[in-house]
Amino acid sequence: MRSVPVVVVFVLGVLCSLGVHYLLCYLQGLSSHHDMVLHKTFSPIPYDGSDKYNNIPAPIILAEKHDLQHSSSNIEALGTISAAIEMKKTGKLDKALKLFEHAFAIAPQNADVLNAYGEFIEETQSDIISADKMYFKALISYPDHGQALVNRQRTALVVEELDRDFLRKIDDKRDKVSRIPESDPALCKAKKESYFQHIYHTVGIEGNSMSLAQTRSIVETRMAVGGKSIAEHNEILGLDLALKYINNTLINRVGDITVHDILEIHKRVLGFADPLASGMFRRTQVFVGGHIPPTPSHIIPLMDEFIAWLNSDSALRMHPVRFAAIAHYKLVHIHPFIDGNGRTSRLLMNLILMQAGYPPVIIPKHERHTYYQVLEEANRGDIRPFVRFIAQCTDKTLNLFLWSTSEYSATLPQLGQDEINMISPQMHV
């Protein structure tokens, strides 16, 4: 019995010893951690006495400021959307619209803002195409946005059918133009005027300041216009030469469009303005607004890929207007030349259209902002607004030809002033 107390005492002694040991280790650990925190750290960058926040490289500071601004913009936009919805409920649609526009302006990529704005447009303006565009943008920003997905599923098929219906109407107008005899005096005059209009507006989009009358004079007489730069003269002469090359060589040629064809078009577009760069792919990096085109080393493989698509069955099965618009976008997106990319892309677009029986489409210079805006939307992932814009320009161009012939003018809607001006070049002196 005496052995039991002895064992108990022994066990208690062992436990106490272990407890003291772990306590000492714990205290030592705290002491070591405390020393680690207080110990002066080694920095590989010499301290210059400035505030530590300013030691962060400038891009990081700018990024943090941008994130804060972006966050505050989203908060303000969502608050504005809530106010707009309340205005809508009370029937104050004008005020609600202004609030939606403000929210969209300060947070153009916020999916909630885009979806709510789209719903407002669809419900109050019955503009399903614009509403669908908003839902599409919302899904680009946030692909899993539930309400935008539901809305897009509802509008997508309707919008697709509206687009097809518009293209069918364009085809009907093209067929009417094609039935007009080539010898018809009114058609001959319309073609001649359209030719000058095309040059005038195409170079005008790029910033050329020549009037239509001056453009016509340069093409017809090759005489210089006083007070205008040599570069502006050369832009007009180059486009004239490129159009004639397409008309005489490519429109009726059987076979694929090649890289050589595009280089030959560009050689004429830029031949007067910059002979050394004409017909040559660029060898330096360029920047176009918010778009950074591919590096020079990628141009040749991208152009080969583009040409393969251009002559593919899937592309050739598209509606000609859609095909031409996408071809235009793809080429200008690659931006293979140092200059003249837009003009060459529009000429390629019109080559495709003319091969399908359409007249060369005029993109009016006063719609320059819209033209670049829909190109930017295509860069963000939605090419449909650009295709619609080209379709609208095609429709207007066909209207001009039909209005120029007395047989069809009575069946068309009244033209706007801009379209009347395009028919009456004397107003552009």
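General remarks:
- Qualifying residues in segment 261-274 (those that are closer than 13 Å to TYR245 by Cα and either of a type in the set (Ser, Thr, Tyr) or free of Cβ contacts under 8 Å to residues at least 40 places away in the same chain (or both)) - the one surrounded by the most Cβ atoms within 10 Å (Cβ to Cβ): ARG268
- In segment 328-347, the residues that are aliphatic (A, V, I, L, M) and in contact with a helix residue (DSSP H, G or I) (Cβ under 6 Å, 6 or more places away or on another chain): LEU331, VAL332, ILE334, LEU347
- Residue in segment 276-284 that is charged (D, E, K, R) and surrounded by fewer than 20 Cβ atoms within 10 Å (Cβ to Cβ) present: yes
- Contacts under 8 angstrom Cβ, first residue in segment 275-293 being without any contact (Cβ under 8 Å) to a residue 60 or more places away in the chain and part of a loop (DSSP other than H, G, I, E, B), partner surrounded by fewer than 11 Cβ atoms within 10 Å (Cβ to Cβ) and of a type in the set (A, V, I, L, M, F, W, C), 6 or more apart: PRO293/PHE287
Residues are listed down the side, and each one gets a yes or a no for (1) touching a strand residue (DSSP E or B) at 6+ places or on another chain (Cβ under 9 Å); (2) farther than 23 Å from LYS88 by Cβ; (3) in contact (Cβ under 8 Å) with a residue 12 or more places away in the chain:
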site	(1), (2), (3)
ALA107	no, no, yes
GLN125	no, no, no
VAL150	no, no, no
ASP172	no, yes, no
GLU193	no, yes, yes
PHE196	no, yes, yes
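- The selection criterion, being in contact with a helix residue (DSSP H, G or I) (Cβ under 7 Å, 6 or more places away or on another chain), closer than 15 Å to ASP339 by Cα and not aliphatic (A, V, I, L, M), does not hold for PRO320.
Conditions tested, residue by residue: (1) more than 25 Å from the chain's Cα centre (by Cα); (2) modelled with pLDDT of 90 or more; (3) not β-branched (Val, Ile, Thr); (4) not assigned by TED's automatic domain parsing to the domain that holds VAL387.
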site: ALA77; (1), (2), (3), (4): no, no, yes, yes
site: LEU99; (1), (2), (3), (4): yes, yes, yes, yes
site: ALA103; (1), (2), (3), (4): no, yes, yes, yes
site: MET134; (1), (2), (3), (4): no, yes, yes, yes
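- Residue satisfying all of: in segment 218-234; within 14 Å of PHE196 (Cβ to Cβ) and under 35 Å from the mean Cα position of the chain (by Cα); surrounded by the fewest Cβ atoms within 10 Å (Cβ to Cβ) among these: VAL219
- Answer residue from segment 174-217, given it is closer than 29 Å to PRO320 by Cβ and small (Gly, Ala, Ser) and is surrounded by the most Cβ atoms within 10 Å (Cβ to Cβ) among those: ALA190
- Residues that are within 17 Å of the chain's Cα centre (by Cα) and buried (at least 17 other Cβ atoms within 10 Å of the Cβ), drawn from segment 345-378: SER345, ARG346, MET349, ILE363, GLU367, TYR371, VAL374, LEU375, GLU377, ALA378
- Checklist (1) touching a Leu at 6+ places or on another chain (Cβ under 8 Å); (2) within 18 Å of ILE363 (Cα to Cα) applied to PHE337, failing item: (2)
- Yes/no for ASP165 being within 24 Å of MET349 (Cα to Cα), out of contact with any Pro (no Cβ under 8 Å at 6 or more places or on another chain) and in the same structural domain as ARG384 (by TED's automatic domain parsing): no
- Unmet criterion (only one of (1) aliphatic (A, V, I, L, M); (2) farther than 27 Å from ILE307 by Cα; (3) in contact (Cβ under 8 Å) with a residue 12 or more places away in the chain) for ALA242: (2)
- Segment 235-245: number of residues that are under 27 Å from the mean Cα position of the chain (by Cα) and over 16 Å from PHE337 (Cβ atoms): 2
- Test result for LEU302, of a type in the set (A, V, I, L, M) and either buried (at least 19 other Cβ atoms within 10 Å of the Cβ) or within 20 Å of the chain's Cα centre (by Cα) (or both): yes
- Qualifying residues in segment 137-148 (those that are free of Cβ contacts under 8 Å to residues at least 60 places away in the same chain and surrounded by 12 or more Cβ atoms within 10 Å (Cβ to Cβ)) - the one farthest from ARG380 (Cα to Cα): GLN147
- Residue satisfying condition, being within 30 Å of ILE129 (Cβ to Cβ) and either of a type in the set (Val, Ile, Thr) or at pLDDT below 95 (or both), within set SER178, SER183: SER178
- Of all residues making up segment 106-139, the number that are closer than 18 Å to LEU157 by Cα and outside any loop (DSSP other than H, G, I, E, B): 18
- Looking only at segment 220-235, residues that are touching a residue at least 24 places away in the same chain (Cβ under 8 Å) and either closer than 23 Å to TYR358 by Cα or among the β-branched types (Val, Ile, Thr) (or both) come to 0 in all.
The values are calculated or read from the model by the stated rules, or taken from the named source; none is laboratory data. These numbers were taken from a predicted model, which means no experiment stands behind them. We place every Cβ from the backbone using ideal geometry, glycine too, and count neighbours over all the protein chains shown.
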